[in-house]
Amino acid sequence: MTPRGRGRPRSFDRDTALVRATLLFWKHGYEGTSIADLTREMGISPPSLYAAFGDKRTLFNEVVERYGETFGAFMGRALDEEDDTRTAFARMLREAAVSYTDPAHPAGCLIISAAVNYSSQTADIERALRDRRVANVRVFEERLADAGRRGELPAGVDAHTLAHYFAAVVQGLSQQARDGATAGELERVAGLAMSVWPAPARQKTREKT
């Protein structure tokens, strides 16, 4: 008998179920994933899903948070762990090429692709994902502006435009991966993308002498 005051213990592993939900949303997007799809893939009943995760929107919000801490964490790690800004952005693009084509999970980036198709009823989902992408651009811009102040980039560098450029490259890598590009192909694209990196002021001074 279940002790009074205690709920019936869950008969599934919550973390495993959450990973399965992540992969499903990642592959089919928010609109393309139904409650029936989720319960079948997660191996739980609808009442168990609602009890453990709330409704579909609440579950998706948790999926997005977990994705950022796991599959999508390479971006933040590259920018945080590398002291040299050029090295950080090169690593970010290189790891995006590898991550977005990893056969262990759906291709591309969930944050970029999960709400490509949306209706008026799910516009808030698209807006929330767009806000996350815009926030990433701001992070890029802050790092690039700081690099300019430290002499890693020429004085007066357009950090705003350069940040949008790298965001466009990341989003392009995601779509190319979903279209079947290989890791090697995208790594070469990442290398080419870095060719626009402005030479730092101190390097230009050396080149003139």
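Probe of 1.4 angstrom, ligands and nucleic acids ignored: what's the accessible area per residue over the chain, in square angstrom?
Values: 11590 Å² over 209 residues.
Heavy-atom accessible area per residue stands at 55 Å².
Within a Cβ distance under 10 Å of residue 43, other residues only, what is the Lys/Arg minus Asp/Glu net charge? Provide the component values of the computation, followed by the final result.
Details: positive: 20, 40; negative: 13, 41.
That sum, taken over residues with Cβ under 10 Å, equals 0.
With a ≥ b ≥ c the root eigenvalues of the C-alpha gyration tensor of segment 80-145, is it rounded (a/c under 1.5), prolate (a/b larger than b/c) or oblate?
oblate
Please work out the C-alpha center-to-center distance from segment 32-102 to segment 128-185 and express it in whole Å.
The distance from the Cα centre of segment 32-102 to that of segment 128-185 comes to 19 Å.
Ratio to report: Rg/Rh of segment 91-209, with Cα atoms as the point set and Rh obtained by the Kirkwood method; give two decimals. Write out the running numbers ahead of the final one.
Details: Rg = 16.9 Å, Rh = 15.9 Å.
Using only Cα positions, Rg/Rh for segment 91-209 is 1.06.
Taking 1 over the mean of 1/r across every pair of different Cα atoms in the chain, what Kirkwood radius in Å do you get?
19.1 Å
Divide by every residue of the chain the summed helix terms, -39500 (n - 2.57) for each DSSP H run of at least 4, and state the resulting mean residue ellipticity at 222 nm, rounded to the nearest 500 deg cm²/dmol.
That calculation yields -20500 deg cm²/dmol at 222 nm.
Report in % the part of the accessible area of segment 65-121 that belongs to carbon and sulfur, leaving out ligands and nucleic acids; probe 1.4 Å. Please list the in-between numbers first.
Details: 1310 of 2740 Å².
The nonpolar share, carbon plus sulfur, comes to 48 percent.
The values are calculated or read from the model by the stated rules, or taken from the named source; none is laboratory data. Just so it is clear, the structure is predicted and the values come from calculations on it, not from any experiment. For neighbour counting, all protein chains shown are included, and Cβ atoms are generated from backbone atoms with ideal geometry for every residue, glycine included. Note: accessible area is taken over every heavy atom of the protein model, side chains too, but ligands, DNA and RNA are not part of it. Shrake-Rupley method; radii C 1.70, N 1.55, O 1.52, S 1.80 Å.
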